1. Using Cβ contacts closer than 10 Å as the measure, can you line up Ser96, Ser11 from fewest to most?
2. How large is the helix-only mean residue ellipticity at 222 nm for the chain, computed as the sum of -39500 (n - 2.57) over DSSP H runs with n ≥ 4, divided by its residue count, in deg cm²/dmol to the nearest 500?
3. Using the Kirkwood formula over every pair of different C-alpha atoms, what hydrodynamic radius in Å results for the range 8-106?
4. Rounding to the nearest 10 and keeping the result within 0 to 90°, find how far the Cα-based axis of helix 160-169 lies from the longest principal axis of the chain.
5. For the range 111-176, what is Rg from Cα atoms divided by 2.2 N^0.38 Å, rounded to two decimals?
6. If I compute semi-axes √(5λ) of the Cα gyration tensor in Å from the structure I just sent, which labelled value in [x] 33, 21, 18; [y] 26, 19, 16; [z] 34, 22, 15 lines up?
7. Taking the Cβ of Tyr65 as the centre, find all other residues whose Cβ is under 12 Å away and add up their charges (Lys, Arg: +1; Asp, Glu: -1).
8. Normalised by the number of residues in the chain, what is the relative contact order in percent for Cα pairs under 8 Å and 6+ residues apart?
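Read-outs: derived from the displayed coordinates by stated rules, not from any lab. Model, not experiment: these values are computed from the prediction. Cβ placement follows ideal geometry from the backbone for every residue including glycine, while neighbour counts extend to all protein chains displayed.
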Amino acid sequence: MKNYNYPHTISNRTGETLTFQSIEMENGVEKLIVSNELVPRSGPPMHVHFKQDESLTVVEGEMTYQILGKQPVVCKVGDTATFERGVAHKFWNSGSGTLRCTGWVKPANNLDFFLTEMYRSLDQGDGEKPELFSSSYLMRRYRSEYDMLELPGFVKNVIAPIAVFIGGLIGKYKRFENAPKPL
């Protein structure tokens, strides 16, 4: 599902920049072409895409990735890491310079919307944690598509639903009125 005009670039204050370059059709499925740039030691936390495969090829720098429960793997320029749907993973810039990757996510689904809004929530937070109301809303609404495994179960299953309820009562979600439906 196309949510933005491409290319569409997002960044957050933790040092991650992600550009959704384009949508390509591959065997009748929308494939989201991406590129990213990470400062040293930055990268997303352990997460899972339940309905998408993801692939990243290192163009510059060094990336280390980890599949949940497995040892980290270092990727140098030209190496590719592919994460199948349902497989929890994280990656980070393990080098001393900028990490640049190209890649894709297939099918595109709601990833551009979800990450755009999560990056915004992270920037609106306290620098370590995302803003409570919007991040809770996004994690609850799109829980059939994505999960952040480093977030404690109590927070996801108790705190987030309460925050979403309160946020709805006090009008925190007007910006999400046209949010794409979860899959």
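1. The fewest-first ordering by Cβ neighbours comes to Ser96, Ser11.
2. Mean residue ellipticity at 222 nm (helix-derived): -5500 deg cm²/dmol.
3. Here the Kirkwood hydrodynamic radius works out to 13.6 Å.
4. 50 degrees
5. Against the compact-globule rule of thumb, the ratio is 1.02.
6. [y]
7. -1
8. Relative contact order for the chain comes out at 23 percent.
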